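Data block below; observations after.
The values are calculated or read from the model by the stated rules, or taken from the named source; none is laboratory data. For clarity, every value in this text was computed on a predicted model and none was experimentally measured. Cβ sites come from the backbone with ideal geometry, for glycine too, and all protein chains shown count toward neighbours.
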Amino acid sequence: MRFLFVDRIADVDLSRRIETSKHVVGLDDVFADHFPGYPVLPGALVVEAFAQAAQLLIAMSHDFTRIGRLRRLSRVAFRRQVRPGDELAIRCERRAAGESPWTLEAVARVGDRRVATAMLEYTLEPAAAGTDAGRHAERLRALVRELRPAPVATGARGEA
């Protein structure tokens with residue numbers, strides 16, 4: 001991932017939920033134009049933080065043998081602005097476990113304030129070696145090792 005919106009994996013319950021965080025830094029390129037004199041993290045990048053957290057959860061839940069492909073994004077709502085210096089906390093929680101596609105409810109908070117919400121729906125794709133999906137799974141595996149070197153699982157693996 002060229003742009004990373006996950007600094008830390010705070011908690012994960014495999015096949016169920018993930019909690020991540022991102023410290024929003026004023027030196028990020030996006031703030032040069034959005035908006036000069038009043039920097040605000042674009043809502044599309046908050047949604048990207050949701051997507052990255054969801055992809056981590058899906059890949060980890062399948063021991064990196066499958067990845068998620070975003071199929072649908074719905075019920076997106078932005079309630080407050082995210083500014084440099086904020087700690088963006090993301091929680092993605094799966095709805096209707098055991099079924100495919102994966103549908104996740106995502107919530108972003110800054111402190112105790114909810115700043116954005118969305119529903120994300122993913123289809124699962126095998127991450128075979130030598131494929132784009134396989135390379136993506138390896139990048140996710142490396143990211144998990146970097147963000148959280150301790151054991152990551154608190155729940156069962158591999159629900160489809």
> So which residues in region 126-140 are surrounded by fewer than 16 Cβ atoms within 10 Å (Cβ to Cβ) and part of a helix (DSSP H, G or I), if there are any at all?
Replying inline: ASP132, ARG135, GLU138, ARG139
> Within region 16-36, can one find any residue that is of a type outside the set (Asp, Glu) and under 15 Å from MET119 (Cβ atoms)?
Replying inline: yes
> Do we find a residue being of a type in the set (Phe, Trp, Tyr), closer than 16 Å to ARG148 by Cβ and either touching a strand residue (DSSP E or B) at 6+ places or on another chain (Cβ under 6 Å) or surrounded by 17 or more Cβ atoms within 10 Å (Cβ to Cβ) (or both) anywhere in region 4-14?
Replying inline: yes
> Which residue, of PHE78, PHE50, is of a type in the set (Phe, Trp, Tyr), in contact with a Cys (Cβ under 9 Å, 6 or more places away or on another chain) and touching a residue at least 12 places away in the same chain (Cβ under 8 Å)?
Replying inline: PHE50
> under 24 Å from VAL47 (Cβ atoms) and at pLDDT 95 or above - does that describe any residue in region 93-102?
Replying inline: yes
>> I'm trying to understand the selection: among the residues of region 19-59, which are farther than 18 Å from ARG95 by Cβ, outside any loop (DSSP other than H, G, I, E, B) and aliphatic (A, V, I, L, M)?
In response: VAL30, ALA32, ALA44, LEU45, VAL46, ALA49, ALA59
> Residue check: is ARG114 modelled with pLDDT of 95 or more and either under 18 Å from ARG75 (Cα atoms) or in a helix (DSSP H, G or I) (or both)?
Replying inline: yes
> When only residues in region 56-72 that are touching a helix residue (DSSP H, G or I) at 6+ places or on another chain (Cβ under 7 Å) and free of Cβ contacts under 8 Å to residues at least 60 places away in the same chain count, which is surrounded by the fewest Cβ atoms within 10 Å (Cβ to Cβ)?
Replying inline: LEU70
> Would you pick out the residues in region 104-120 that are surrounded by fewer than 17 Cβ atoms within 10 Å (Cβ to Cβ) and in contact with a Leu (Cβ under 9 Å, 6 or more places away or on another chain)?
Replying inline: GLU105, MET119
